[in-house]
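As structure tokens, the structure follows; a few thoughts come after it.
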């Protein structure tokens, strides 16, 4: 067995974490670890010196003071352990983001006990990718709280939540109690939209990645029943203000088209990531303009449509294109 595999096996045995875990994750006593902090080690060394001095000079008050302070430190171990045991962890929803923007994971911590939990700190094991360190927080008795984990994004596709550490140094800072867990949640990372490129060529056929068919917005053609995915700019607001039913305006002309964003019509020699970046930009532009658009990729095709669900479906295809979890 090579060294990385041996280290992973040791980690699984020691910390009882072998991968993403189903929710809810219960923090039982076998999942909580307790060790002294640096301050706790210095405190223990001070007690040892006091004990040796009391033995050397036969100081009764020295013995009393040493054992009194030592007992307080010993009790702090129990309080630090009880501050974590019994908590449950549930992952929240992670909204999709564009590559380069921080991914936000919501973690729900539930305290079913009748005592509050104080001085807790939640952090990611990937300290180099965490954008900031969360401040310590408390959980009131019989209540829950939501803590956010922000991670940097460098690649498109699925970003799983790494292993998290929940720790406390309550009440005296002498003892560090912590637990490791990995909720089964991941965030979808869209490709980064192209920053500078050709605009969405609406209303004309080109070889830049668009095909179209008539259905414009130049001349008013009538009203139809309103659909949730329709752009608010096309709603007949005057009719709505008069108390009438919701209607959507239809237009005819050559000013705008149902466009099909086609991978094969992109410029020759353009790389995969560059094509995905341009298609991502055009998807966002078409969605903002309220134009029906579709997407054609090698091995997948999405017919024209509009709305938030349609935009998410197209961006998801672009994010997972060519990946193993496509």
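Here are a few things to note about the model shown:
- Against the conditions (1) modelled with pLDDT under 90; (2) not in a strand (DSSP E or B), residue 211 satisfies every one except (2).
- When residue 30 is tested against (1) over 30 Å from residue 186 (Cβ atoms); (2) out of contact with any strand residue (DSSP E or B) (no Cβ under 8 Å at 6 or more places or on another chain); (3) in a helix (DSSP H, G or I), just one condition goes unmet, and that condition is (1).
- Number of the condition not met by residue 80 [criteria: (1) at negative phi; (2) surrounded by 14 or more Cβ atoms within 10 Å (Cβ to Cβ); (3) within 15 Å of the chain's Cα centre (by Cα)]: (3)
Conditions tested, residue by residue: (1) buried (at least 19 other Cβ atoms within 10 Å of the Cβ); (2) in contact with a helix residue (DSSP H, G or I) (Cβ under 9 Å, 6 or more places away or on another chain); (3) modelled with pLDDT of 90 or more; (4) within 19 Å of residue 194 (Cβ to Cβ).
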position: 239; (1), (2), (3), (4): no, no, no, no
position: 242; (1), (2), (3), (4): no, no, no, no
position: 258; (1), (2), (3), (4): yes, no, no, no
position: 284; (1), (2), (3), (4): no, yes, yes, yes
position: 295; (1), (2), (3), (4): yes, yes, yes, yes
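- Residue within region 271-281 that is crowded, with 17+ Cβ neighbours inside 10 Å and at pLDDT below 90 present: no
- Selection within region 306-326 - in contact with a helix residue (DSSP H, G or I) (Cβ under 9 Å, 6 or more places away or on another chain) and on the phi < 0 side of the Ramachandran plot: 306, 308, 310, 311, 314, 315, 318, 319, 321, 326
- Within region 301-326, being surrounded by fewer than 13 Cβ atoms within 10 Å (Cβ to Cβ) and not in a loop (DSSP other than H, G, I, E, B) holds for 303, 308, 309.
The values are calculated or read from the model by the stated rules, or taken from the named source; none is laboratory data. Nothing here was measured: the structure is a model prediction, and the numbers come from that model. Every residue, glycine as well, gets a Cβ built from its backbone with ideal geometry; the counts of neighbours run over all protein chains shown.
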